[in-house]
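Chemist: Pasting in a structure now, in structure tokens, and then I'll have a few things to ask.
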Ligand SMILES: Nc1nc2c(ncn2[C@@H]2O[C@H](COP(=O)(O)OP(=O)(O)OP(=O)(O)O)[C@@H](O)[C@H]2O)c(=O)[nH]1
Ligand SMILES: [Mg+2]
Ligand SMILES: [Zn+2]
């Protein structure tokens, strides 16, 4: 006997993500989903971004982690709202985990929520959390073949941060190839080259982000 | 993701009073970068000691199809180059390639 199932694995997630999205809209905040391989520098980027924007933009963070709360502790020292989600081995955050975490954040008093996803380039790309944009981080130590190997995340993201640019001289990473491949997959991708070590590129990145946050906030004052 | 596949299968097994699952057909978009062998490996582990143990997992890859919004050409994207072959435009609407679905299952 044959049973037709035709069930999209992502459908239940999609419905909850839409609820989260509505909540973000209601609170006029820009929600970002930060995705990369393990160790590309997501938490370091958050630390530096918070440092630069903390005085002008009210940020809140959700930290997704397999087991520990190390990343959340790193964010905690800045005194901004942060919630930790442990996926207990799960390789991505899903919309329901975010929904459960949101009551732990003062949404009306925030301008921007950044969600650090679990280190993984594949699964997080398919799980919409309700965010305005996905940001993919690629560090130069990972190789310039990542866009062609994991196209979906480069397709789904609006922003590409190429991190650890300070290490470029010590690797065989070809910046032009990486950017060209990424743009072929997604011609609208906005690319920043940054280094958490020496701060290169952070002015451009944070200026752009601040503009984007303000635009989102303004869009409600008709 | 395989955990969610198993969840869907278990629901079906329950509602249809299935005695044994022989085969499960998945449809997975090419953009998903899924490695079939690792999905099958995962399935075998999760299916152990259930009615799904020993079932074949068949994974059909769905091509990435796009519609050019400028000239109306429908085409299949090869090697992830999102560019209209007709007018070289990049204003595309993606029609397929992102799916991950349980299509059907063969059971007793
Ligand atoms: N040289 C250099 N090292 C960096 C840079 N950014 C991050 N690192 C280092 O890379 C390592 C990983 O950084 P994290 O910020 O923890 O990376 P992550 O992506 O949050 O890691 P997971 O949460 O485990 O996936 C740390 O040792 C950082 O000090 C950079 O721009 N240059
Ligand atoms: Mg981290
Ligand atoms: Zn065209």
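Please treat every number below as a calculation from the coordinates, not as lab data. In this text, all values refer to a predicted model and were calculated from it rather than measured experimentally. In this analysis, Cβ positions are derived from the backbone assuming ideal geometry, glycine residues included, and neighbour counts consider all displayed protein chains.
Chemist: Points 7 angstrom from Cα along the Cβ direction at residue B:86 and residue B:4: gap in nanometres?
Modeler: Simple spin-label model gives 3.4 nm for this pair.
Chemist: Hey, rough spin-label estimate for residue A:145 and residue A:200, points 7 angstrom out along Cα→Cβ, what's it come to in nanometres?
Modeler: Roughly 2.5 nm, to one decimal.
Chemist: For the stretch A:28-119, what does the alpha-carbon gyration tensor say about shape, rounded, prolate or oblate, given a ≥ b ≥ c as the root eigenvalues, a/c under 1.5 as rounded, and a/b over b/c as prolate? Provide the component values of the computation, followed by the final result.
Modeler: Numbers: a/c = 1.74, a/b = 1.26, b/c = 1.38.
Oblate.
Chemist: Taking a ≥ b ≥ c as the square roots of the Cα gyration tensor eigenvalues, with a/c under 1.5 meaning rounded and otherwise prolate when a/b beats b/c, else oblate, which class fits the stretch A:1-77? If you can, show how the numbers build up before the last one.
Modeler: Numbers: a/c = 3.33, a/b = 1.73, b/c = 1.92.
Here the stretch A:1-77 falls in the oblate category.
Chemist: Report the calculated FRET efficiency for residue B:40 and residue A:77 (r = Cβ-Cβ distance, R0 = 35 Å), to the nearest 0.05. Mind showing how you got there, number by number?
Modeler: Details: r = 45 Å, r/R0 = 1.28.
For R0 = 35 Å, the calculated efficiency reads 0.20.
Chemist: Using the alpha-carbon atoms, what tilt in degrees (0 to 90, nearest 10) does helix B:36-47 show relative to the longest principal axis of chain B?
Modeler: Roughly 30 degrees between the two axes.
Chemist: Under 8 Å for C-alpha pairs, at least 6 residues apart: give me the relative contact order for chain B, rounded to a whole percent. Please list the in-between numbers first.
Modeler: Numbers: 185 pairs, mean separation 40.4, N = 108.
Normalised by residue count, the contact order of chain B is 37 percent.
Chemist: With springs only between Cα atoms under 10 Å, which of A:121, A:129, A:105 fluctuates most in a Gaussian network model of chain A?
Modeler: Its mean-square fluctuation being the largest, the pick is A:105.
Chemist: Let me ask you something else. Which of rounded, prolate, oblate describes the stretch A:129-201, given a ≥ b ≥ c as roots of the alpha-carbon gyration tensor eigenvalues and a/c under 1.5 marking rounded, otherwise prolate only if a/b is larger than b/c?
Modeler: On the way: a/c = 2.12, a/b = 1.37, b/c = 1.55.
Oblate shape, in that a/c is at least 1.5 and b/c is the bigger or equal ratio.
Chemist: Under the definition of partner shielding as Cβ atoms of other protein chains within 10 Å of a residue Cβ, what is the mean value for peptide A:152-159? If you can, show how the numbers build up before the last one.
Modeler: On the way: counts 10, 2, 2, 8, 2, 0, 0, 0.
The shielding value for this peptide is 3.
Chemist: Normalise the Cα radius of gyration of the stretch B:28-104 by 2.2 N^0.38 Å (N = residues in it) and let me know the number.
Modeler: Working: Rg = 16.9 Å, N = 77, 2.2 N^0.38 = 11.5 Å.
The stretch B:28-104 yields a ratio of 1.47.
Chemist: Principal axes first, then extents: for the Cα atoms of the protein assembly as shown, list largest minus smallest coordinate on each axis, whole Å, largest first.
Modeler: 64, 49, 49
Chemist: Any idea what angle helix B:2-15 forms with the longest principal axis of chain B, computed on alpha-carbon atoms, 0 to 90 degrees, nearest 10?
Modeler: Relative to chain B, helix B:2-15 is tipped by roughly 60 degrees.
Chemist: Evaluate the distance, in nm, between pseudo-label points positioned 7 Å from the Cα of residue B:11 and of residue A:177 along their respective Cα→Cβ axes.
Modeler: So the two model labels end up 4.4 nm from each other.
Chemist: Please state the relative contact order of chain A as a whole percent: Cα pairs under 8 Å, 6+ residues apart? Display every interim value, and only then the final one.
Modeler: On the way: 410 pairs, mean separation 55.6, N = 222.
With pairs under 8 Å counted, the relative contact order is 25 percent.
Chemist: Same structure, new question: In whole Å, how far is the Cα centre of the stretch B:65-97 from that of the stretch A:94-143?
Modeler: Their Cα centres are 28 Å away from one another.
Chemist: Moving on to the next point. Would you calculate a helix-derived [θ] at 222 nm for the protein assembly as shown, using -39,500 (n - 2.57) for each DSSP H run of n ≥ 4 and dividing by the full residue count, to the nearest 500? Display every interim value, and only then the final one.
Modeler: Working: 10 runs with 106 residues, N = 330.
Roughly -9500 deg cm²/dmol at 222 nm, from the helical runs in the protein assembly as shown.
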